[in-house]
1. Residues in region 349-370 that are touching a helix residue (DSSP H, G or I) at 6+ places or on another chain (Cβ under 7 Å) and either outside the structural domain of residue 22 (by TED's automatic domain parsing) or part of a loop (DSSP other than H, G, I, E, B) (or both): how many?
2. Of the residues that sit in region 137-156 and are touching a Lys or Arg at 6+ places or on another chain (Cβ under 8 Å) and more than 11 Å from residue 127 (Cβ to Cβ), which one is surrounded by the most Cβ atoms within 10 Å (Cβ to Cβ)?
3. If you take the residues of region 230-245 that are of a type in the set (Gly, Ala, Ser) and assigned to a helix (DSSP H, G or I), which of them is surrounded by the most Cβ atoms within 10 Å (Cβ to Cβ)?
4. Condition first: in a strand (DSSP E or B), under 19 Å from residue 215 (Cα atoms) and not β-branched (Val, Ile, Thr). Can you find one or more residues in region 326-348 that meet it?
5. Quick one: how many residues across region 1-27 are within 15 Å of residue 369 (Cβ to Cβ) and in a loop (DSSP other than H, G, I, E, B)?
6. When you look at residue 351, is it in contact with a Ser or Thr (Cβ under 8 Å, 6 or more places away or on another chain), closer than 21 Å to residue 11 by Cα and at pLDDT 95 or above, yes or no?
7. Out of the residues in region 301-314 meeting the condition of being over 19 Å from the mean Cα position of the chain (by Cα) and either without any contact (Cβ under 8 Å) to a residue 60 or more places away in the chain or not in a loop (DSSP other than H, G, I, E, B) (or both), tell me which one is nearest to residue 217 (Cα to Cα).
8. Just the residues that are farther than 26 Å from residue 261 by Cβ, in contact with a helix residue (DSSP H, G or I) (Cβ under 7 Å, 6 or more places away or on another chain) and part of a helix (DSSP H, G or I), please, taken from region 371-408.
Amino acid sequence: MNPRLAQLQPYPFERLATLLAGVTPNPAKKPIAWSIGEPKHAAPPLIAKIIEAEMGGLSTYPLTIGEVALREAIVDWLNVRFKLPVGSIDKDRHVLPCNGTREALFAFAQAVVDPTRAAGAEPLVLMPNPFYQIYEGAAFLAGAKPYYMNVDGETLSPDLDLVPESVWQQCQLIFLSTPGNPTGAVVPGEALKKLITLSDRFDFVIASDECYSELYPDENNPPTGLLQAAAELAGESAQRAADIYKNCVVFHSLSKRSNLPGMRSGFIAGDAEIMARFKLYRTYHGCAMSPPFQKASTAAWRDEEHVRANRELYRQKFAAVLEIIAPVVSVKAAEGAFYLWPQTPISDTEFARGLFEKEHLTVVPGSYLSRQSGGVNPGTNRVRMALVAPLDECVEGAKRFRNFVEAL
């Protein structure tokens, strides 16, 4: 067996199951799960109709590069959503469909990291801390070492200025999550530009996980994306104008945007040279998207009405929950995604266990989503709350949460 498998740590939900083992939750209260970030809103009705109508496509092998219509829809969406220069993204050179961002993020590290590039220097893969655990596992199995960038306690985003130059010199890949899981923080456009400038200097690849990009509170102020920042930087720098998306790759998904996690549909887009080589990798990997799902994905990327309605549902839940819990805990309104990341008055593990026992409400201890780095675990005394349930259930959960805090 691959010895690198021994480096993989238990997934947060395995640790949570162990933590809650033997605990009998309050039988008078029905369970409410704020632990798993699985969207519960209804999928767009047109999607099921398209999949049913296109079932004949199951008799053909799909291409790794995906159907032209799907790639055209993705390009059109990117151009409008991120205000990219006309013609800067090409459907044949810059875009690949994928079966959800999770598999693509993992595979990307296997294709990008070169353990032999710098003799005697261990390749580093940088990631925010706390983080989506796929980043860490992908780094280990690619033969690299994770470098954890602790998020700032106020902004909840990593501070690039705190990363030593020696680390940038060994960096081959950096994972970002914006809006972030679990913090809900958005990496500002200026920080993205700074990171792109660093990638030009030290020659590393930026993988921006933007699967939550379409969940945000202000309809008139969507989060900036990496390709958008690269395009803006190209307008300011002749060096970047020659190759706008150099070293920049983004990952997008329909799971959160369109409430379609079971369809496993997303895409990767960016640096044409990297995409060409990653396409070769994926051809061998054998992960092409099912033809009926490609047809349905094309329709989903071309429709914004259901996405706006989806955002409104989350706005209602955030407003209601924050009104209830903000008076009793320190919590910041999310800039994006569907998580809250409050501080706990006792240890996060003790809090999560007690909340489950007394209120039958499940949350994830923040320390399970982070690693010890620089002498601290930035997830300590925080919990992740996924507001994916219907509004009335979220309100009930918030009341239980507050009851538990006030009883401590």
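The values are calculated or read from the model by the stated rules, or taken from the named source; none is laboratory data. From a predicted model like this one, the values you see are computed outputs, not experimental measurements. Don't worry about glycine lacking a Cβ; one is built from the backbone with ideal geometry, like all the others, and counts go over all protein chains shown.
1. 1
2. The qualifying residue surrounded by the most Cβ atoms within 10 Å (Cβ to Cβ) is 156.
3. 230
4. To start, the set of residues in region 326-348 that are in a strand (DSSP E or B) comprises 339-340, 343.
Filter once more, so that each one left must be under 19 Å from residue 215 (Cα atoms): 339-340.
Subsequent filtering for residues that are not β-branched (Val, Ile, Thr) retains 339-340.
For region 326-348, residues in a strand (DSSP E or B), under 19 Å from residue 215 (Cα atoms) and not β-branched (Val, Ile, Thr): present.
5. Residues flagged as within 15 Å of residue 369 (Cβ to Cβ) and in a loop (DSSP other than H, G, I, E, B) within region 1-27 amount to 3.
6. Answer is yes for this residue.
7. Going through the qualifying residues, I end up with 312.
8. Scanning region 371-408 gives 399, 402, 403, 404.
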